[in-house]
1. With +1 assigned to the C-beta of every Lys and Arg and -1 to the C-beta of every Asp and Glu, and no other charges, what is the dipole magnitude of segment 164-221 about the Cα centre in debye, to the nearest 20?
2. Order the peptides 170-183, 127-140 from the highest to the lowest mean number of other Cβ atoms within 10 Å of their residues.
3. To the nearest whole percent, what portion of all C-alpha pairs in segment 103-146 is separated by more than 13 angstrom?
4. Looking at the calculated P(r) for the chain, what percent of the C-alpha pair distances fall above 33 Å?
5. Between segment 96-169 and segment 27-72, how far is it from one alpha carbon centroid to the other, in angstrom?
6. Evaluate segment 24-153: find the radius of gyration of its Cα atoms, find its Kirkwood radius, and give the ratio Rg to Rh.
7. How about segment 1-107: which GluC sites (Glu not before Pro) there lie in a loop by DSSP and see at most 14 other Cβ atoms within 10 Å?
Amino acid sequence: MIKPGITTMEIDTFAEKFMRDHGATPEQKGYHGYPFATCASVNDVICHGFPSKEMVLKDGDIVTIDMVVNLEGWLADSAWSYAVGTLEPQAQKLLDVTKESLYKGIEQAVIGNRIGDISHAIQKYAEAEGFSVVRDFVGHGIGSKMHEEPQVPHYGPAGRGTRLKEGMVITIEPMLNVGKYHAKLDDDGWTARTVDGSLSAQYEHTLAITADGPLLITDQS
Ligand code: MF3
Ligand code: CO
């Protein structure tokens, strides 16, 4: 659906109907008063943007769609950034590096490693590619509740934090900015933007720690 001319509310309406048609519910709707099934974050919005009938996507935009699906009481959380039409080279690089940084983190999600090994792998790669890592929002444990222990920062030293054990389920969801990492909230109390107005992107998977390595719960293939 994502192409120039569509509104972020049309995407939200589709996603909510798709979930309900498949016997699932949109966990974000009503979560601490959040009003929608999805978050739709365009360009300088880092995360938690409101879908809107007024937000008509145009060629060259970046839009991140984030949602949490509840199926029979169990939750999965995923966010994905999309190019609307064709992007400027720097914006396309931001998407490519942000997605790759997620997979650098996932590689570290193995039994015996620590949360900090995930964090460090993401930060090291992202900063080497010239982007900054958002500090104010982190990944998290997930299960029958959206946000469980432990927190999963996307920056910080390796070798620290909770040790990963078989059966743990977490999200990894790096947000990278073209400019500085600092974030500010709009007056709606939700929409988080880059302070310097630079572009931001995010990719998020829910995954389980297993004896065979990380198992993607939100795999799209
Ligand atoms: N899906 C988000 C996360 O990664 C949570 C969005 S906040 C909500 O944790 F209020 F929209 F649910
Ligand atoms: Co999440």
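Since every read-out is calculated from the coordinates, none of them should be taken as a lab result. This structure is a prediction, so every number in the text was calculated from the model and none was measured. Methodologically, a virtual Cβ is constructed for each residue, glycine included, from the backbone with ideal geometry; neighbour enumeration extends over all protein chains shown.
1. Values: 4 positive and 9 negative charges, 43 e Å.
Charge dipole, segment 164-221, about its Cα centre: 200 debye, nearest 20.
2. Per-residue Cβ counts within 10 Å, averaged per peptide and sorted highest first, yield 170-183, 127-140.
3. On the way: 576 of 946 pairs.
The calculated P(r) of segment 103-146 puts 61 percent of pairs beyond 13 Å.
4. Distances greater than 33 Å cover 11 percent of the Cα pairs.
5. Cα centroid to Cα centroid, the span is 22 Å.
6. Numbers: Rg = 15.8 Å, Rh = 16.1 Å.
My calculation puts Rg/Rh at 0.98.
7. Working: sites: 10, 16, 27, 54, 72, 100, 107; in loops: 27, 54, 72.
Loop-located and lightly packed - 54, 72.
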